[in-house]
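A short write-up of the structure that comes next.
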Amino acid sequence: MPFSGQSYVAKAFGKLIQDHAQLLLVAVPGSYHSLLGALRRREIDAIIGILWNATPYNDLVKTRLYHEKFSIIARRDHPCHKMTLNIQNLAEFNWIVAPHGTPVRQYFETLFRNAGATPPTQTCEILSFATAEQTLVESWSVAMLTYSDADMKSLRPDLKRVDFRLSDASVDIGVTTLSDSVSNEPLGLFIQLFHGYCQIG
């Protein structure tokens, strides 16, 4: 699922390919619900990304690996960076946010509702983190995305965090598997590598 640490998945895959050339590795991007269906049909081994607190099933094991923070991001020359921002003028922007039902979307809508405002109409839903960032560069939209501290420090130079304080912005990133999954050594190696890269940043 979309999160700033998606690059760590590629690093872990690269190391596995180097050390275990016989492995068949498949990374499947998608929404939580589509990936959850694939997991429960045993078409995939795990879901990587934001851990959902509420799930409709009790056969899932969620392993927290690190945390990221909700952040508002825009292109570096966006007018919002020169404004004194409040909920009202934030609501006037075009937004890129994850689809309905996702933790990011829930946080986004709660932010406005808690301030007595109607959440703005979303103009773009994107499941690829890199595509969301590139769309920000190519437009005057703002986005609600998640970043680790390390990834925020290395934010691409044509983007900038919007100076607006967000409360309770921490979100857990980890791995979701089935509770009755059989022992899977390749998956264990992947999780170990992925966690290691997350720790390094």
### Task
Report, by residue number, each residue of the range 143-171 that is open to solvent by less than 70 Å² (accessible area, probe 1.4 Å), in contact (Cβ under 8 Å) with a residue 40 or more places away in the chain and assigned to a loop (DSSP other than H, G, I, E, B).
148, 155, 158, 162, 164, 166, 169
### Task
Give me a count of the residues in the range 168-201 that are touching a strand residue (DSSP E or B) at 6+ places or on another chain (Cβ under 6 Å) and within 28 Å of residue 70 (Cα to Cα).
12
### Task
Report the residue count in the range 127-147 for those that are modelled with pLDDT under 90 and among the small types (Gly, Ala, Ser).
3
### Task
Might you check whether a residue that is free of Cβ contacts under 8 Å to residues at least 24 places away in the same chain, open to solvent by 10 Å² or more (accessible area, probe 1.4 Å), within 18 Å of residue 141 (Cβ to Cβ) and of a type outside the set (Val, Ile, Thr) occurs anywhere in the range 67-77?
yes
#### Entry: Subset of the range 1-23 [surrounded by fewer than 20 Cβ atoms within 10 Å (Cβ to Cβ) and within 25 Å of the chain's Cα centre (by Cα)]
6, 7, 9, 10, 11, 13, 14, 15, 16, 17
### Message
Which residue is nearest to the chain's Cα centre (by Cα), if the candidates are limited to the range 45-64 and must be assigned to a strand (DSSP E or B) and surrounded by fewer than 19 Cβ atoms within 10 Å (Cβ to Cβ)?
### Response
64
### Task
From the list 109, 125, pick out the single residue that is in contact (Cβ under 8 Å) with a residue 12 or more places away in the chain and charged (D, E, K, R).
125
### Query
When you scan the range 80-90, how many residues do you find that are open to solvent by less than 20 Å² (accessible area, probe 1.4 Å) and touching a strand residue (DSSP E or B) at 6+ places or on another chain (Cβ under 7 Å)?
1
### Message
Among the residues of the range 1-43, what is the count of those that are closer than 25 Å to residue 145 by Cα, part of a loop (DSSP other than H, G, I, E, B) and of a type in the set (A, V, I, L, M)?
### Response
4
### Message
Here is a list: 177, 131. Which entry is open to solvent by less than 60 Å² (accessible area, probe 1.4 Å) and either assigned to a strand (DSSP E or B) or closer than 20 Å to residue 6 by Cα (or both)?
### Response
177
### Task
Tell me, yes or no, whether the range 91-102 has at least one residue that is open to solvent by 70 Å² or more (accessible area, probe 1.4 Å), among the aromatic types (Phe, Trp, Tyr) and modelled with pLDDT of 90 or more.
no
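The values are calculated or read from the model by the stated rules, or taken from the named source; none is laboratory data. Small disclaimer: the values here were computed from a predicted structure and weren't measured. As a convention, Cβ positions derive from the backbone with ideal geometry for all residues, glycine included, and neighbour counts pool all protein chains shown. Surface accessibility is based on the protein's heavy atoms, side chains included, excluding ligands, DNA and RNA. Shrake-Rupley method; radii C 1.70, N 1.55, O 1.52, S 1.80 Å.
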